[in-house]
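Below: one structure, written as structure tokens.
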């Protein structure tokens with residue numbers, strides 16, 4: 001039996017604004033853009049992992065008003081867990097993302113547990129980390 005991750009959701013306050021970060025700054029490709037009931041779900045992925053995607057959606061998409069309100073509050077605080085991407089060149093990726101205007105949380109550093117990594121906030125406040133395996 002094989003089990004693998006197919007996609008994961010990232011809750012964002014504004015899908016279009018977040019596309020500028022995930023598509024343009026990180027270099028992910030839009031695979032699907034679905035609208036329903038006034039909301040959008042945009043799936044992005046990379047050529048390196050064709051079977052894996054991330055889905056951007058707003059807090060109220062597919063949720064009750066109360067749940068959406070609570071989730072939006074958590075997103076705005078930056079209180080949700082980080083999203084971690086792997087990179088083969090964290091320093092180059094960092095510079096490209098920094099130039100996009102993303103909020104830098106941590107410049108690239110070698111971590112004591114092995115990887116070299118850096119961190120940003122996406123336009124909604126989610127922490128996004130880039131990690132490069134140690135040599």
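Of the residues in region 16-34, how many are loosely packed, with under 13 Cβ neighbours inside 10 Å, touching a strand residue (DSSP E or B) at 6+ places or on another chain (Cβ under 8 Å) and in contact (Cβ under 8 Å) with a residue 24 or more places away in the chain?
Summing the residues that are loosely packed, with under 13 Cβ neighbours inside 10 Å, touching a strand residue (DSSP E or B) at 6+ places or on another chain (Cβ under 8 Å) and in contact (Cβ under 8 Å) with a residue 24 or more places away in the chain in region 16-34 gives 0.
Output the number of the condition that residue 46 fails; it satisfies all remaining conditions of (1) free of Cβ contacts under 8 Å to residues at least 24 places away in the same chain; (2) surrounded by 12 or more Cβ atoms within 10 Å (Cβ to Cβ); (3) farther than 21 Å from residue 119 by Cα.
(3)
So if I check each of 73, 95, 107, 103, which one is farther than 23 Å from residue 52 by Cα and touching a helix residue (DSSP H, G or I) at 6+ places or on another chain (Cβ under 8 Å)?
Numbers: 73 fails: touching a helix residue (DSSP H, G or I) at 6+ places or on another chain (Cβ under 8 Å); 95 fails: touching a helix residue (DSSP H, G or I) at 6+ places or on another chain (Cβ under 8 Å); 103 fails: touching a helix residue (DSSP H, G or I) at 6+ places or on another chain (Cβ under 8 Å).
It is 107.
Conditions (1) exposed (fewer than 15 other Cβ atoms within 10 Å of the Cβ); (2) part of a strand (DSSP E or B), marked per residue:
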site	(1), (2)
79	yes, no
88	yes, no
95	yes, no
125	no, no
129	no, yes
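Just to be sure I understand the filter: pairs with C-beta atoms under 6 Å, separated by 6 or more residues or on different chains, first member in region 67-86 and at positive phi and modelled with pLDDT under 90, second member surrounded by 14 or more Cβ atoms within 10 Å (Cβ to Cβ) and not in a strand (DSSP E or B). Which pairs pass?
78/125
The values are calculated or read from the model by the stated rules, or taken from the named source; none is laboratory data. On a predicted model such as this, the values are computed, not experimentally measured, just so you know. FYI the Cβ positions are ideal-geometry reconstructions off the backbone, even for glycines, and counts take in every protein chain you see.
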